[in-house]
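FYI, it's all coordinate maths here, none of it is from the lab. Since the model is a prediction, treat every value here as computed from it, not as a measurement. Positions of Cβ are generated from backbone atoms using ideal geometry, with glycine treated the same way; all protein chains shown enter the neighbour counts.
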Amino acid sequence: MVLLKNLQPPTEGVRHEQAETTAVMDGQRLGCGTLYVAETRLSWFDSSGLGFSLEYPSIGLHALSRDVSAYPQEHLYVMVNEENEAEMAEKAADDDDDDDDHDGRTITEIRFVPSDKAALESMFSAMCECQALHPDPEDDDWTTTLKERSTAWRKPVRQNSNA
């Protein structure tokens, strides 16, 4: 669960800062504040300094949403996957539990609605750049692709030894 706390906004590696951005978490409007897209985390703070920071590995999905029939305003959509420690402990204690659908994760949906809709593209681009700095170590496709790219040009050439 994402909790509001008194934290300091990031000062290093900030790729995008968007003032006058409303945060809506799981349908609840948190207020207007400033969104910080930094290399290490995504953060939002209201004018009193109350806010939250998300580490990129916890962000399962981010997207631009322009469908006003699904939500009344265009926004940057972020889906946060978090492990629920209580549920994980309960599942570990129950060795006979074969329910793979309940993996101890909580999903939180956050919508960032900037007052300046023209900023959405740069917000999204900064998110993409920063998310790419934190690849999922469990993503075999990502690892395989990197290995294939790094070794493709170094494949040995066989020479004919009958000459």
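Listed by Cβ neighbour count within 10 Å, with the fewest neighbours leading, Leu54, Leu133 appear as Leu133, Leu54. Taking θ as phi - 60° and the Karplus parameters 6.51, -1.76 and 1.60, the scalar couplings of region 114-125 work out to x, 5, 9, 4, 5, 7, 4, 4, 5, 4, 5, 4 Hz in sequence order, x denoting glycine and proline.
Give me the extension gain from His134 to Ser48: residue separation times 0.36 nm, minus the current Cα-Cα distance, reported in nm with one decimal.
Length gained between His134 and Ser48: 28.0 nm.
Of Met25, Met1, Met123, the sequence from fewest to most neighbouring Cβ atoms within 10 angstrom is Met1, Met25, Met123.
At 0.36 nm per residue, and after removing the present C-alpha to C-alpha distance, how many nm does the segment from Ser122 to Met1 gain when stretched out fully?
Taking 0.36 nm per residue and subtracting the Cα distance, the gain is 40.8 nm.
For Leu120, what charge total do you get from the other residues with a beta carbon under 9 Å from its beta carbon, if Lys and Arg give +1 and Asp and Glu give -1?
So the surrounding residues net to -1.
Coupling constants for region 63-80 follow from the phi torsions by the Karplus curve (6.51 cos²θ - 1.76 cosθ + 1.60, θ = phi - 60°), and in residue order they are 7, 8, 10, 10, 7, 6, 7, 8, 8, x, 9, 5, 7, 8, 9, 10, 10, 9 Hz; glycine and proline get x.
In this Cβ point-charge picture (+1 for Lys and Arg, -1 for Asp and Glu), region 1-72 has a dipole of about 80 debye about its Cα centre. Of His16, His62, His134, His75, the sequence from fewest to most neighbouring Cβ atoms within 10 angstrom is His134, His16, His62, His75. The modelled label-to-label distance between Tyr71 and Ser115, using points 7 Å beyond Cα along the C-beta direction, is 2.0 nm.
Net charge in the neighbourhood of Met79 (other residues with Cβ under 13 Å of its Cβ; Lys, Arg +1, Asp, Glu -1) is -1.
Close amide-amide hydrogen proximity is noted between Glu39 and Val14, Arg15, each under 5 Å apart and 5 or more residues distant or on a separate chain (H modeled in the peptide plane; Pro and chain starts excluded).
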